[in-house]
Structure formats: structure tokens, C-alpha cells
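Chemist: Structure below; questions to follow.
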Amino acid sequence: MPERKVAIWRSAMISASETFIRNQADSLSRWQPVYVGATKTDSVLARDTDVITFSDPRAFLRLRLLGTSPQLRRRIGQIAPDLVHAHFGGDGWLVSGEAARAGIPLVVTLHGHDVTRQPESTGAKGVRYRRNLRSVFDRAASLIAVSDVIRQRAIGWGADPAKLRVHHTGVPIPATVPDVPKRWDVAFVGRFVEKKGADDLIAALATLDAKALFIGDGPLLEQMRAYAGELRVDATFAGARPAAEVYQRLAESRLLAAPSRTAADGDSEGLPTTIVEAMALGLPVVSTRHSGIPEAVTDGVTGLLGDEGDRGALTANLRKLLDDQDLQTAYGTAARARAEADFDVVKQSHRLEDIYDGLTGQRS
């Protein structure tokens, strides 16, 4: 077992949509991950080995208000990590004070809404969030952005460019592309929130002869289900599914559609994990020129990109791929090669360990 220990901090441990956190830390080889949370979330990703700091969520209030907690201090002391790695800026602030008091270097990964929507909040809530964000920027030994766009947004909110780098999280790469019959023409995987653009996709599908699969949950799920019914779209809404089933369903689809856009409140993506997961399975991607997406999807090579919210372009791109099996195959092959080269979670986690090593003065 590795001698060096990293505490992986997520205040709510851990949402079913956050497979990227598990995949990244589970792929570490030189560092031992210990998953630490403030409160436990009932999801398919929860584990009995997760270390939960507060048995009563009300005890979490002091940490949220003051950024300090004797219980968290004791928990960190019991774990005795060499490093703390927090995900999302707000969670980074929650743990930053006690990590600093313990003299433990802190890494914070910035994923998207933590430097897009949340800092734009108005009133006292926005003032407090921006203050806390600047504090975690100062306290962190290293800041990681999941895309170059997110890096630039973080710099705009005061992050030091010298300590901020882009690091793609990566996804598991199957040894081979599954050879299975195709059951769906178009797959969509994600939470049903405004920035995912599910309504744009449904509107586009209404003009196509295509069978679609929607995987995920979220506050807009029922609204989108009703919208698909109203437009008579041939769509199956499967809800949230375990990761293994998501991979299986993606493999049974011809392409992934990810029509992401900036929400009215400023919320935007970092680089959606689902896009890279589909690429790893040899699927071409139809998406938008939004945030970090063009860092993975090369227009005309691994998929097709349109402008955010452009339903006409989305429809045309879907039709172009669905009508051309050879193009699907060519883009899918290129997508798989790109995922292998730049988004393999094992390779990316080894590169992350190089960052850890540098911060703790150790070398592999």
C-alpha cells in the first residue's frame, strides 16, 4: 500500500453524478486516497469506507458559517494525510482553514459553476462566496482547472495564474470498443438542468426520424419528459443509472448529443465527463462550442460542434451523422483515439500524482 496519503474532500460525500471524483482517486497508484466528507449522501457511489465528519448535519453549520470546526480538525488529525485534495471551490474553502492550521498542503479542483454561476450571485450571498473564493485561492498550494476556459474564469475572480493549471480528469478506457447492436440513434447523459440544453435536443429530435435515450435526473426531468411527449419525440427517459449501465447504454447508441449552453444565471460546464466517456466507447459527439468542450471534441474530426442554443445547427449536425454510417465510424474511431491519448483516467491520475509529489517535496 502506498505510504503517502491524500484526503479527498467533498462536503456531501458523494453524489451519483460525481463518478469523476471516484474514478480519478481510485486510479491513484503511488498515493492512498481516503474519502472524507462533511455529510453522507445516499447514492450509488456512497461507500461504507467513506469517512464522514458530522453525524448530525446541524453540526455542519459552524463550518459553513465560520470555516472552522473542532470536529473536522480532529478528523484530519486522525487521518493524518500528507495532502488534502478538495473538489469545487466552495468545498475547498470549507476545508482550507483546518488544512492550513494542520500545515497540510491543499489542492483544489475547479469544475465549472464554482467559478461561473456562484461568484455571480447577488446580494450578501454573492459577497460572501466571492470572499471565500479569494480565501481558498490564497490558501491552496495548487489550483486545478478542468479546462482552459475554467482556468481563465478563475483568474478573472482573482486566482494566481502561477498556481493554476489545467488538468483533465480522465475517464476509464475500456480495452476494446464493445461490439453490440445499436438500440438508440442518439443518447443524452446528464442532469436535467438548464445548462445541459436538453430542450434544444428535444426540439431538434422532433424534426428527425430518430430514437433517443435520455439518462439522468434533475429538477427539469418531468418538464423535459412532457416536452418530448408534446413534440411526439421517440424518447426513452431512463432516469439516473449506475455507471456500468450508462456505459452499456452508450455502447448501444450511435452517437452522443451534448448540447450544452450557458444558463440564464451564468452557470456553465467545465468539460462534461460524459462526452469523454462516449468518445472512449468510440462514439462521435454532437455538441456545442461551450466552455471546455472544444478541448475534447474537434469539429469535423471527432464530432460536430454548433453554437450554443442554435437548434438549427444542432438539427443539421445530428442529421449529417445519422445519415452517414461511414462518417459515424470515422468520427467514432478518431474520438476513441483522442480519448486514449489525452483522457485515460489511469494516465491522468499518474500525472496528478506528479503534482502531489511536487507539492510535498517528494518524487516517484
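Derivation of every value follows stated rules applied to the coordinates shown; laboratory data play no part. Since the structure is predicted, the reported quantities are computational estimates derived from the model, not experimental observations. Virtual Cβ from ideal backbone geometry, glycine too; neighbours counted across all protein chains shown.
Chemist: Quick check: is even one residue across the stretch 285-294 farther than 22 Å from HIS111 by Cβ and of a type outside the set (S, T, N, Q)?
Modeler: yes
Chemist: Based on this model, can you work out whether ILE150 counts as among the aliphatic types (A, V, I, L, M) and either exposed (fewer than 15 other Cβ atoms within 10 Å of the Cβ) or assigned to a helix (DSSP H, G or I) (or both)?
Modeler: When the stated conditions are applied, ILE150 passes them.
Chemist: Please tell me if ASP114 is in contact with an Asp or Glu (Cβ under 9 Å, 6 or more places away or on another chain), at negative phi, in a loop (DSSP other than H, G, I, E, B) and without any contact (Cβ under 8 Å) to a residue 60 or more places away in the chain. First the steps, then the outcome.
Modeler: Values: in contact with an Asp or Glu (Cβ under 9 Å, 6 or more places away or on another chain): yes; at negative phi: yes; in a loop (DSSP other than H, G, I, E, B): yes; without any contact (Cβ under 8 Å) to a residue 60 or more places away in the chain: yes.
So ASP114 fits the description; yes.
Chemist: Among the numbered criteria (1) under 25 Å from LEU45 (Cβ atoms); (2) surrounded by fewer than 24 Cβ atoms within 10 Å (Cβ to Cβ); (3) touching a residue at least 12 places away in the same chain (Cβ under 8 Å), which single criterion is violated by PRO272?
Modeler: It fails just one condition, (2).
Chemist: Can I ask one more? Taking the conditions exactly as written (in contact with a helix residue (DSSP H, G or I) (Cβ under 8 Å, 6 or more places away or on another chain), buried (at least 18 other Cβ atoms within 10 Å of the Cβ) and outside any helix (DSSP H, G or I)), does LEU45 satisfy them or not? Outline the logic, then answer.
Modeler: On the way: in contact with a helix residue (DSSP H, G or I) (Cβ under 8 Å, 6 or more places away or on another chain): yes; buried (at least 18 other Cβ atoms within 10 Å of the Cβ): yes; outside any helix (DSSP H, G or I): yes.
Here the answer is yes, as LEU45 does meet what is asked.
Chemist: Which residue, of LEU321, LEU250, LEU304, is in a helix (DSSP H, G or I), buried (at least 20 other Cβ atoms within 10 Å of the Cβ) and under 23 Å from the mean Cα position of the chain (by Cα)?
Modeler: Going through LEU321, LEU250, LEU304 in turn, the sole match is LEU250.
Chemist: What are the residues in the stretch 21-66 that are out of contact with any strand residue (DSSP E or B) (no Cβ under 8 Å at 6 or more places or on another chain) and over 30 Å from HIS350 (Cβ atoms), if any?
Modeler: ASP42, SER55, ASP56, ARG58, ALA59, LEU61, ARG62, LEU63, ARG64, LEU65, LEU66
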